[in-house]
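To keep things clear, I will list the structure first and then write my remarks on it.
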Amino acid sequence: MNVEQKIGILLKKYGYTLSAAESCTGGRISHLITTVSGSSAYYLGSVTSYAVSVKVNVLKVPADVIATAGVVSSEVAAAMAKGVRKLTGSTFAVATTGLAEGGDEHYPEGTVWIGVCGPAGTSTLLYQYNNGRKANIKRFTTVALHFLLKNIESYINTNKPTGKTF
């Protein structure tokens, strides 16, 4: 069973929903999630926010955060995840922002910041892998899905119902 299937099983079981905001992964997370039969029961949609203007105007990432932290940053990944979660009303959201090709003044090529937002808050992960644009995008997607799964499982494990079951 692959990671997107595991995510789907948990989301369906608990009645949770998911959305995505993707930059450097270009929609690949959304693609993999929707390859799972029945994903329409829990997957609400995505924003592929390649342009800064879409991050700011659609996902409501504060322009000053981009100016101070940089578009490839923990702060922007977190804001993207929060923005798409608010936009869609999903239980969980995953976001990616990074450099699949070419570096910048802060990070080398092959850098991604992943953000996951859910009922318990928002967490981010820095991941670096450089094996060319296509391989980077594939790896970034896989790591983002595993980070999402870890966050969903953590939420479920720390928010179990208490008391007697009738």
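Just so it is clear, none of the values below were taken in a lab; they were calculated from the coordinates. Source: prediction; values computed, not measured. Positions of Cβ are backbone-derived with ideal geometry, glycine not excepted, and every protein chain shown enters the neighbour counts.
Observations
- Contour minus Cα-Cα distance for Y50 and K12 (0.36 nm per residue): 10.7 nm
- Cα long-axis angle, helix 3-14 against the chain (0 to 90 degrees, to the nearest 10): 40
- Distance between region 12-37 and region 96-150 - C-alpha centres, whole angstrom: 15
- Among S74, S46, a tally of other beta-carbon atoms within 10 Å of each Cβ gives an order, fewest to most, of S74, S46.
- Extension gain, T35 to M1: 0.36 nm times the residue separation minus the Cα-Cα distance gives 11.0 nm.
- Radius ratio Rg over Rh of region 1-96, counting only Cα atoms, Kirkwood formula for Rh: 1.00
- DSSP beta bridges in the chain [antiparallel fraction, %, rounded to 5]: 60
- Taking other C-beta atoms within 10 angstrom as a stand-in for reagent exposure, E4, E153 fall in the order E153, E4, fewest first.
- Once Cα Rg over 2.2 N^0.38 Å is calculated for the structure shown, the corresponding label among (1) 0.95; (2) 1.29; (3) 1.02 turns out to be (3).
- Principal-axis analysis of the Cα atoms of the chain puts helix 133-158 at an angle of about 40° to the longest axis.
- Of all aspartates and glutamates in the structure, the ones whose alpha carbon falls short of 16 Å from that of K134, not counting any fewer than 8 places away in one chain, are E22, E101, E109.
- Residues S37, S49, ranked from the fewest to the most other C-beta atoms within 10 Å, line up as S37, S49.
- Counting only Cβ charges, +1 for Lys and Arg and -1 for Asp and Glu, the dipole size of the chain around its Cα centre is about 740 debye.
- Residues whose placed amide H lies under 5 Å from that of T48, excluding near-sequence neighbours: E22
- Estimated purely from DSSP H runs of n ≥ 4, each contributing -39500 (n - 2.57), the mean residue ellipticity at 222 nm for the chain is -13500 deg cm²/dmol once divided by its residues.
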